[in-house]
Amino acid sequence: MSTNNPMGVICINKHEGVTSHTIVNMVRRLYNTKQVGHTGTLDPMATGVLPVMVGRAVKASEYLTAEDKGYTAQMKLGIVTDTGDITGNIISQNDNIPSYEQVKEIVSTFVGNIKQTPPMYSALKVNGQKLVDLARKGIEVERDSRDITITSIILEQTPNKSDEYKLHVECSKGTYIRTLCTDIGDALGCGATMTSLERTKSGSFELSNSYTIQQLENMTEKERYALLQPIDTLFSDIEEIHLAPFFERLARCGVEIYIKKIGMSSKTVPLNTRFKLCGENGFFALGELREFPDGMAIKPIKQFVL
C-alpha cells in the first residue's frame, strides 16, 4: 500500500478528555489524509475502543451493521446529576445506600431485551438538532424509548466502598451506559451516576488490538501504515462469496450476479442480505441480494478496492 494513498481500519484506544472528532483529526495528521472517519461516538470522558476508517474505508460507514459492544463502567450510588455522569451538576443526593445483595438483584433485572430512553446529553438528533445542544440551553424534549439488548452485566463492588460498583456490560449497539446507571439508581431508589467509562469491545475490535494516539506518534510512518487492517474487517459478520474471474469482472462493472449462475440457492437467504464479494485478490465490494425480472441476483452496491 502506498503511503500516498493509505486505506484500511485502525482501532484507536481513545484517551480521556477529547472528542471522537478530535481523534479523527489526529489520525488525519498521522496518515496524511483527509479521508478519515470513525464508528461509534465516545463522549470526551469515555476511553477505549474507537474503530477509525482511513482512505476508501470511510465508504463503509453507511453500510456498517449493528455491532455488539462491551463496556466497563464505574457507578456511584446516592448521587444524581443532570448529565447522568460525574461531569454534570449534582441535582440530588441520598445517603440511604442499598446492600450489595439488593444492588445485585436489581442489576439482574436489566439483563435481556429492555427499553431505554436516550439521555438529553447525547449526540442524538431530534428535528435536526442535537439533544446535547438543546440540553445546554435548558431545553428538554420528548424522546421515544428504544429497544436494546443487555447480554450480560457482571457486578463488581469497589473494595471498602459500599456505594461504588464496577459494571462489565455486554450490550447491543445504541445502548447508553450512562442511562443504564441512572435507571439502576432509580430502580434502587437511591439514584446513581456514572463516574467513568471504558469501551472494551466494538464488534470484532477489542482493546487488545487497539493503539493509543501516543503509540502511533512514536512509530515510524512505515510501522503506522502496516497497522491498517483490510476494509472487510468492518464486515466480519457478513458472509463471503468468492467469484470466478468472469463474474468478478461483471461485479466490478456494477452488473448483478444471478445466484443460479454461481450455484447458490435463495431458499434460505432473505432479500436484502448483504455479502462480501471477493475475487482473485480478495475482498473488493459489498453486494446485496435483490429480486430482478430474471430471478434473484446479488447487486454490487459499493466498490472498495479498485
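The values are calculated or read from the model by the stated rules, or taken from the named source; none is laboratory data. The structure displayed is predicted, hence computed values, not measured ones. Backbone-built Cβ (ideal geometry, glycine too); neighbour counts: all protein chains shown. Note: areas computed on protein heavy atoms with side chains; ligands, DNA, RNA excluded. Shrake-Rupley method; radii C 1.70, N 1.55, O 1.52, S 1.80 Å.
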Over the heavy atoms of His21, what accessible area does a 1.4 Å probe trace out, to the nearest 10 Å²?
110 Å²
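How large is Rg over Rh for the chain, taking Rg from the Cα atoms and Rh as the Kirkwood inverse mean of 1/r across Cα pairs? Don't skip to the end; give the middle numbers.
Values: Rg = 22.6 Å, Rh = 21.7 Å.
Taking Rg over the Kirkwood Rh, I get 1.04.
From largest to smallest, what semi-axes in whole angstrom does the range 1-47 give when each is the square root of 5 times an eigenvalue of its alpha carbon gyration tensor?
Working: eigenvalues 96, 19, 13 Å².
Over the Cα atoms of the range 1-47, the ellipsoid semi-axes are 22, 10, 8 Å.
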How much of Lys261 can a 1.4 Å solvent probe reach, expressed as accessible area in Å² and rounded to 10?
130 Å²
Taking a crude spin-label model, label points 7 Å out from Cα along the C-beta direction, the His242 to Lys59 distance in nm is 2.4 nm
Given the C-alpha centroids of the range 245-306 and the range 25-47, what is the distance between them in whole angstrom?
32 Å
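Can you pull the percent of the range 102-165's accessible area that's carbon plus sulfur, 1.4 Å probe, other chains left in place?
Details: 1880 of 4180 Å².
For the range 102-165, the apolar C and S fraction of the accessible surface comes to 45 percent.
Projected area of the range 130-276, taken from the Cα convex hull and averaged over every viewing direction, in nm²? Working shown, then result.
On the way: hull surface 66.6 nm².
The directionally averaged projection comes out at 16.6 nm².
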The range 1-145: translational diffusion in µm²/s, Stokes-Einstein, Kirkwood Rh over Cα pairs, 37 °C, 0.692 mPa s
179 µm²/s
Compute the accessible area per residue over the range 137-211, keeping the other protein chains in place, probe 1.4 Å, unit Å².
48 Å²
Find the relative contact order for the chain and round it to a whole percent, using C-alpha pairs within less than 8 Å whose residues are 6+ positions apart.
21 percent
Which whole-Hz couplings ³J(HN,Hα) result when phi for each residue of the range 133-149 is put into the Karplus expression 6.51 cos²θ - 1.76 cosθ + 1.60, θ = phi - 60°, listed in order with x for Gly and Pro?
5, 5, 4, 5, 8, x, 9, 10, 10, 5, 10, 6, 6, 10, 7, 10, 10
Label Asn25 and Gln93 with points 7 Å out from Cα along Cα→Cβ: what is the distance between them in nm?
3.7 nm
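How much of the accessible area of the range 179-304, probe 1.4 Å, is carbon plus sulfur, in whole percent? Display every interim value, and only then the final one.
Working: 3020 of 6280 Å².
After summing per-atom areas, the C and S share lands at 48 percent.
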Picking from Val58, Val18, Val169, which is most flexible by a Gaussian network model of the chain using Cα springs under 10 Å?
Val18
If Lys and Arg each add +1 and Asp and Glu each add -1, what is the summed charge of the other residues whose beta carbon sits under 12 Å from the beta carbon of Lys201?
-2
Using alpha-carbon coordinates, inclination of helix 20-31 to the longest axis of the chain, degrees:
40 degrees
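Kindly flag which residue pairs out of Lys137/Lys302; Lys137/Lys201; Lys166/Lys276; Lys14/Lys125; Lys115/Lys260; Lys34/Lys166 have an alpha-carbon separation exceeding 31 Å in this structure. The partial results should precede the final answer.
Numbers: Lys137/Lys302 41 Å; Lys137/Lys201 33 Å; Lys166/Lys276 38 Å; Lys14/Lys125 24 Å; Lys115/Lys260 42 Å; Lys34/Lys166 38 Å.
The pairs that break the limit, which is 31 Å between Cα atoms, are Lys137/Lys302; Lys137/Lys201; Lys166/Lys276; Lys115/Lys260; Lys34/Lys166.
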Using amide H atoms built 1.01 Å from N in the peptide plane, name the residues 5+ places from Thr47, or on other chains, whose amide H lies under 5 Å from its own.
Leu197, Glu198, Arg199
Sites Glu223 and Ala123, calculated FRET efficiency, Cβ-Cβ separation with R0 51 Å, nearest 0.05:
0.95
